[in-house]
Amino acid sequence: MERSDKKIYELGNIDEITLRKIGKLLGLNLTGGEILLLYGNLGTGKTTFVKGLAEGMGIAPDYVRSPTFTLVNMYPGPRLQLIHADFYRLDSEDEIEDLGFEELLDENSILAIEWPEKLKISRTETLKICLYYENELKRKLKIETHSERLTHILAEILSDLKRDKDKTHSTDRR
C-alpha cells in the first residue's frame, strides 16, 4: 500500500486582510523552487493572495498586478524572484510550454500560477490553493500539499493565525 503525505487545510470565513496575511507568512517562509497553484473563480482573491506573498518576499505588494493580459509578471525581490502567471486566456498546454516556465523556475524563484487547470505538474514542492466565494467580504480557503516541509510551514502559519485570533477574542471580551 502506497503512503500519501498529502495534507489538506481548510479555513472558512477568511477576509481580505487574513488572506493577505497568510500569503505574507508563506512568502516569509518559502526558500525557492516552489510552485503555488491558485484555483478560484474571478474575484475570489487569487491576486490578493499573491500581493501578500510578494510582501512576505520583500517585494512591494502595490506593484503586483493580475497578469491576465500580460500572462506573466516577474518581480525581483531581495531574496527570491516572484513569477506570477495567469493561464486564464490560454487554450492548451502547448501555449503554456511556449512561455518557457521550465527555464524561469529555479531555486531562486517562486512561481504563483492563477488558473493552472491546463498545466500538468508533478513536483512535490507544490501548494494547491483553492479559493471559494462565501459572500462579498469572506472567502473559504483550502490548501493542499504533498511536501513534508511545506506541511510544516503551513502548520506553523495556521498556528500563528489561530494564536492571533485567540488574542483578539480574549481582548474583545475584556
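Rounded, prolate or oblate: which one fits region 46-151, using the alpha carbon gyration tensor with axes a ≥ b ≥ c (rounded when a/c is under 1.5, else prolate when a/b beats b/c, else oblate)? Judged from the Cα gyration tensor, region 46-151 comes out rounded (a/c under 1.5). Helical runs assigned H by DSSP (4 residues or longer) give the chain a calculated mean residue ellipticity at 222 nm of -11000 deg cm²/dmol, each run adding -39500 (n - 2.57) before division by the residue total.
The value of relative contact order for region 9-173, using C-alpha pairs under 8 Å at least six residues apart, is 30 percent. Using Cβ point charges alone (K and R +1, D and E -1), the dipole size of the chain about the Cα centre works out to roughly 1080 debye.
Among the listed pairs LYS51/LYS128; LYS120/LYS165; LYS118/LYS162, a Cα-Cα separation exceeding 29 Å is found for LYS120/LYS165; LYS118/LYS162.
Judged by the mean number of other Cβ atoms found within 10 Å, the most tightly packed of the peptides 18-24, 158-164 leads the ranking 18-24, 158-164.
With the simple model of a label 7 Å out from the Cα in the direction of the Cβ, LEU11 to LYS167 spans 1.5 nm.
Every number here is computed from the coordinates shown, using simple stated rules; none is lab data. Everything numeric in this text was worked out from a predicted model, so none of it was measured. Positions of Cβ are generated from backbone atoms using ideal geometry, with glycine treated the same way; all protein chains shown enter the neighbour counts.
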